[in-house]
1. Among 425, 359, 434, which is assigned by TED's automatic domain parsing to the domain that holds residue 246 and among the β-branched types (Val, Ile, Thr)?
2. Scanning the range 408-429 for residues that are without any contact (Cβ under 8 Å) to a residue 12 or more places away in the chain and not in a helix (DSSP H, G or I), which turns out nearest to ligand 2 (Cβ to nearest atom)?
3. Select, from 281, 314, the only residue that is of a type outside the set (Phe, Trp, Tyr), under 18 Å from the mean Cα position of the chain (by Cα) and at pLDDT below 95.
4. Return yes or no: is residue 392 among the aliphatic types (A, V, I, L, M) and either free of Cβ contacts under 8 Å to residues at least 40 places away in the same chain or within 11 Å of ligand 1 (Cβ to nearest atom) (or both)?
5. Any residue in the range 262-291 that's outside the structural domain of residue 177 (by TED's automatic domain parsing) and in contact (Cβ under 8 Å) with a residue 60 or more places away in the chain: show its pairings with residues that are among the small types (Gly, Ala, Ser) and within 16 Å of ligand 1 (Cβ to nearest atom) at Cβ separation under 6 Å, as long as the two are six or more apart or on different chains.
6. Looking only at the range 232-251, count how many residues are out of contact with any helix residue (DSSP H, G or I) (no Cβ under 7 Å at 6 or more places or on another chain), touching a residue at least 12 places away in the same chain (Cβ under 8 Å) and either surrounded by 15 or more Cβ atoms within 10 Å (Cβ to Cβ) or not assigned by TED's automatic domain parsing to the domain that holds residue 355 (or both).
Amino acid sequence: MMMAEIWSLGGSLQIATIVFLWKILEIYFPGHLRSSIISYSMKLASLVSPYIYIRFPEFIGDSEEYMGVKRSDAYAAIETYLSGKSSREAKYLKAVDVKDSSQPVQLSMDENEGVTDEFEGVKLSWAVNKEYTRTQQSFSFYPQMDEKRYYQLTFHKSHRDFVNGTYINHVIQKGKAITVSNRQRKLYTNNPSQNWERYKARKWSHVTFEHPATFDTLAMESKKKLEIVNDLEKFSKGKEYYTKIGKAWKRGYLLYGPPGTGKSSMIAAMANHLEYDIYDLELTTVKDNTELRRLLIETTGKSIIVIEDIDCSLDLTGQRKNEKKKAKDEEAKDPVSKMTKGEEDSNSKVTLSGLLNFIDGLWSAIGGERIIVFTTNYVEKLDAALIRRGRMDKHIELSYCGFEAFKVLAKNYLDVDSHPLFATIGHLLEGTNITPADVAENLMPKSMNEDAETCLKKLIEALETAKDAAKMKAEEEARLKAETEEKEKQKDVKVDGSLAKVKDNCVGVVKDNGVIA
Ligand SMILES: Nc1ncnc2c1ncn2[C@@H]1O[C@H](COP(=O)(O)OP(=O)(O)OP(=O)(O)O)[C@@H](O)[C@H]1O
Ligand SMILES: [Mg+2]
């Protein structure tokens with residue numbers, strides 16, 4: 001234990017003397033006696049030493065944890081903070097298997113090792129030590145000793161305020177930030193509530209999130225892409241700003257557009273860019289508003305909460321409410337069919353107001369940055385209350401593939417930046433509604449023999465087919481429209497004719513009665 005302190009004091013003669021004394025101590029004194037001697041000598045030394053020592057023990061008591069101990073967060077953060085320095089400077093290292101980390105192991109210095117750190121021009125030294133305490137349950141003549149590891153920070157007493165006020169905070173924050181960037185990210189999905197009460201059952205199940213989509217691979221206009229990336233970055237670094245303006249550190253995005261235009265891919269790209277977890281909330285399995293709150297409260301900071309296809313999820317759109325009302329009216333007329341339907345009636349009671357209350361109310365009270373993303377194929381179906389600014393801060397339209405988006409896909413799938421066929425494709429893309437998913441499908445080589453040119457030709461064929469189909473569809477629609485208009489016209493003529501006849505007859509009748517001359 002003393003070795004690290006010796007190291008931090010420096011001075012070769014002192015070191016030699018103390019190492020000698022230490023060896024004697026180790027040989028002649030049992031662990032617990034050694035510990036008392038060290039403790040007294042430290043007290044003695046502190047009377048003359050200009051140094052201050054702060055100890056960060058590995059375990060702290062916590063009745064909620066297994067066996068009454070919990071690994072200290074500060075200790076873990078310091079270990080991570082010093083990891084880089086330790087692996088460069090320390091001679092004796094320890095490889096620690098860190099749970100949920102993308103790194104296979106984290107290197108940290110072994111006991112009796114030390115490293116120096118410098119922050120804002122102040123030099124400080126860190127060491128890992130071990131102390132022995134008597135096991136409480138032990139009744140033997142040679143009582144068992146518990147080893148307790150701790151980090152010790154040593155610094156000159158003139159830096160006391162700096163260390164207490166700034167440095168320790170810096171170490172803990174930095175350590176935690178490194179842990180976050182090294183952690184394995186997760187994709188959570190909500191469990192049906194009937195399973196929540198089971199032994200060890202949880203509200204959310206998770207798998208490791210490893211989606212490869214990034215903003216580089218996302219096919220869309222570069223200007224729009226940059227705007228979204230900037231918005232995300234401003235949000236993720238905006239803790240102080242949000243505090244200053246008195247707004248909860250949350251942001252809502254609504255992604256809308258036809259199927260296959262990249263809404264889900266964009267969510268994955270957002271999560272990868274910000275290094276956030278994803279909570280994929282399946283609303284159809286949530287029984288009511290209370291369950292919804294319980295689920296959302298369990299989400300952690302640095303996460304994206306996703307509700308896909310919000311228009312299909314629940315009773316969230318005016319239209320659906322009307323459909324339900326119609327169904328209810330029918331049931332009222334036919335009570336027997338209602339009885340046979342049984343449970344279906346109590347399907348899901350998550351309501352629009354429940355969701356909105358959460359976003360506006362409790363949602364704001366839980367700490368940590370969170371992004372909520374809604375996706376829909378039919379933005380016009382959504383209730384205006386759900387998508388007003390403030391709830392959904394940014395509306396992003398993902399649309400059919402344009403030339404710029406095509407170039408991103410060509411680079412991703414075929415690794416080509418330009419090609420003589422690009423001009424034809426650009427021309428065909430104008431006015432053709434083809435999704436990036438369809439373009440991607442055509443660009444993907446299906447065998448070893450297919451090269452870039454074959455794939456581009458395949459795309460041209462698909463575009464021509466799509467264009468012809470669209471043309472035929474437009475012609476058919478125009479024909480139907482003309483037919484309908486013609487029918488309407490004929491109906492009007494018939495009505496006009498009948499009216500004229502009726503009018504003539506009336507006039508005849510009036511004339512016969514001699515009222516009108
Ligand atoms: N903008 C895009 N950029 C890159 N790839 C895309 C894009 N849009 C679609 N794709 C490709 O098409 C596939 C389907 O896209 P995605 O699932 O993101 O569409 P979506 O808009 O979420 O569709 P849905 O409305 O059906 O959920 C993706 O796996 C991806 O390979
Ligand atoms: Mg999707």
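The values are calculated or read from the model by the stated rules, or taken from the named source; none is laboratory data. Computed from a predicted structure; not experimentally measured. FYI the Cβ positions are ideal-geometry reconstructions off the backbone, even for glycines, and counts take in every protein chain you see.
1. 359 is the lone residue from the list that is assigned by TED's automatic domain parsing to the domain that holds residue 246 and among the β-branched types (Val, Ile, Thr).
2. The extreme case among them is 417.
3. Answer to the check: 281.
4. The answer is no for residue 392.
5. 278/271; 283/313
6. 1
Residue-wise test of (1) among the polar types (S, T, N, Q); (2) more than 27 Å from residue 121 (Cβ to Cβ); (3) modelled with pLDDT of 85 or more; (4) not assigned by TED's automatic domain parsing to the domain that holds residue 42.
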position: 137; (1), (2), (3), (4): yes, yes, no, no
position: 140; (1), (2), (3), (4): yes, yes, no, no
position: 143; (1), (2), (3), (4): no, yes, no, no
position: 153; (1), (2), (3), (4): no, no, yes, no
position: 158; (1), (2), (3), (4): yes, no, yes, no
position: 166; (1), (2), (3), (4): yes, no, yes, no
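One line per residue, one yes/no per condition, for (1) surrounded by fewer than 10 Cβ atoms within 10 Å (Cβ to Cβ); (2) not aromatic (Phe, Trp, Tyr):
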{"residue": "378", "(1), (2)": "no, no"}
{"residue": "412", "(1), (2)": "no, yes"}
{"residue": "415", "(1), (2)": "yes, yes"}
{"residue": "438", "(1), (2)": "no, yes"}
{"residue": "451", "(1), (2)": "no, yes"}
{"residue": "485", "(1), (2)": "no, yes"}
{"residue": "489", "(1), (2)": "no, yes"}
